[in-house]
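The next block holds one structure in the form of structure tokens; read it before the comments.
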Amino acid sequence: MVCDTLVYHPSVTRFVKFLDGSAGREKVLRLLQYLARFLAVQNSSLLARQLQAQFTTVRKFLRFLKPLNHLQAAAKFYDNKLASDNVVRVCNVLKNIFFAAYLSLDQVNLLRILKVIPVTVLTGKKIPRWSNWCWLFGLLSGLAMDLRKIQTSHAQIAAFVKAKSQSQGDEHEDHKKVLGKAYQDRYTALRRLFWDAADSFIVLNNLGYLSSNEEYVALSGVVTSILGMQDMWKAT
Amino acid sequence: MSQFGTTDIVSGSETPPYSGASYQDAQDDNTHPHSSDAGAEKFSAGSGSESHTESSRSDDEDSQAKTKMVDNITILKYILDSLSGRDKLAKIIKYALDILKLFIEKSKRNLTVLDPSVLTYYTKILKNLTVKVALRHPITVIKVLLLSLLRNFDKKIDFISQQLSTFRYILRFGGTPFRVCSFLGKFNKTRKCNFQIDQIKKIWFNEASLREFLDLYYGIFDELDLLYKLKIWTNKSFYSFVSRQESLAWQYDILLSLKDHWLNLQSLQKRQLELEVQLKVQNNALLLSPILMHQAHKDDGSQSPIRKQLLNDLNVNNDAEVLIHKQLKAIKDEKTLVYLDIARLSFDCMANTSDILNLKTPKGTYAVLSLGSGLTGLVKLWITTKRSLCSSKD
């Protein structure tokens, strides 16, 4: 009985489909990578450090040609000149361009790890630093967009609350739906803000502007990986 | 679960450790008959909807337009977004590099055999490499530099090949817990029937259960192999056993898939023959119809309404002919996919057989066969992706 329930449960079917995609598996490997990093710091484990390196390499394989997706998205946002909010549109364009640059430079990192290109000052230090800078600017664009969305949603909520207090007993179903959507948008933007802030924490430590303990960096990676897996799970 | 583990340990102790050649990765998830059937159903449904087109000319133009809509970049993007696409590309790159490595080793050997002094002066020249030395001994310096370059490539190719192998293992990882749950579900179903022999035969003694068992058998040892590669466990004698069992499981899976595809091919050929006979009969009927019409005009008085209706039906029968042509095309397309699968599985079977039986084959045989398997798999994947994109754009 328990086995039947487990096998035919919709969540199991969904999880199988989640793992069958390239993106879902990449998110799982990201979680494993940062968990291995955390364990490496906690236990001074050589095995965990080796696993971290292995998962990092495999993730870079899985992200091959992913810059194309971001460039396509940037072009779409740029062409959408009729968007209601130009600030959000510009932030989306910048975010996708920076992420495309980050992933493109990451391909160079992969080739260096595979020893296809030799380790020099350029490939060993400068390009990793440039890729982290691109990741940081992409995240900053995301942060700006999230703040804008929070501001917009909050303004909508305030307007509806004021309208409700003025016209007592005159609530419509449409108003409730729009108000609910505004609350949902604000929550989504806040969640994304937290996500981008945690990723920014990771990249600032990579660049050396922050010098937090590595275990905190690893835990940030675990948290952002879980958030990413949640989004992929909903999309499945 | 514990009983299964106990059985595994007992069988492990009974089997002598395998002392063959080092195991090379060429495993590939074979196409199951279910996906082939699903593809067939999809395409037959598509051809059914296409039969409603009014004229064959506009239909041909539409099909050409649909084919042109999907460009190669889009197909490549879809293939790379899927795990199976990345697996095929990784396989092709890995074995292409292995073959390249053989050529490099051959070049190194030729270089050292023809001129033994290269090895003598190798380290000396590399340490004191200047323009003066190069001008004094140009041929020797060129040979030394070439040898150094080849050695460098050799090490790099080894590393990349190993990384790609681990990458492919990780792509396959993760399926075993679900297969175990499915198997336990079946066992639970058997227990509910109070172990009646008829029910046991119905549940267990069929191809689907055999397929599930082989997938579980292969998956367990494949994932144990990956965990060994990641150094999570390090027992070398047990690794020999695991490696051996993985090869055997893969061989059983290949043979079962080959059998399925062969039977599928036979049924497709039978259907094709039936449709061709039907088409021939209709063509003969159409050839006879003008003669009958001519005679009908001569003997106008004897023509009955039923006879007239039959003659009209014969002339209007082009729709059926168009439908038969579409079905024949669908069958030919499906046969192409089956042939590709049979070729791929044959390559895998030959490669794995040389590994299991420890055959003394020329160097690179395994890599060439595996490269052939990867390429045919990629061609099949390309064709199926192209067709699915064309049908989705309708």
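Cross-link pairs exceeding 18 Å between alpha carbons, from the set B:LYS77/B:LYS380; A:LYS27/A:LYS60; B:LYS88/B:LYS380; B:LYS91/B:LYS236; B:LYS101/B:LYS155; B:LYS270/B:LYS326: B:LYS91/B:LYS236.
Using modelled backbone amide H atoms (1.01 Å from N, in-plane), which distant-in-sequence or interchain residues come within less than 5 Å of B:SER82's amide H? Those lying under 5 Å, H to H, from B:SER82: there are none. Each principal axis of the Cα cloud of the range B:146-244 was evaluated for its coordinate range; sorted largest first, these ranges are 72, 26, 20 Å. Near A:VAL203: Cβ cut-off under 13 Å, other residues only, Lys/Arg at +1 and Asp/Glu at -1. The net charge is -2.
Any read-out appearing in this document is the output of simple, stated calculations on the displayed coordinates, not a laboratory observation. Bear in mind the structure is a predicted one, so any value in this text is a computation, not a measurement. Note: ideal-geometry Cβ built from the backbone for every residue, glycine included; neighbour counts use all protein chains shown.
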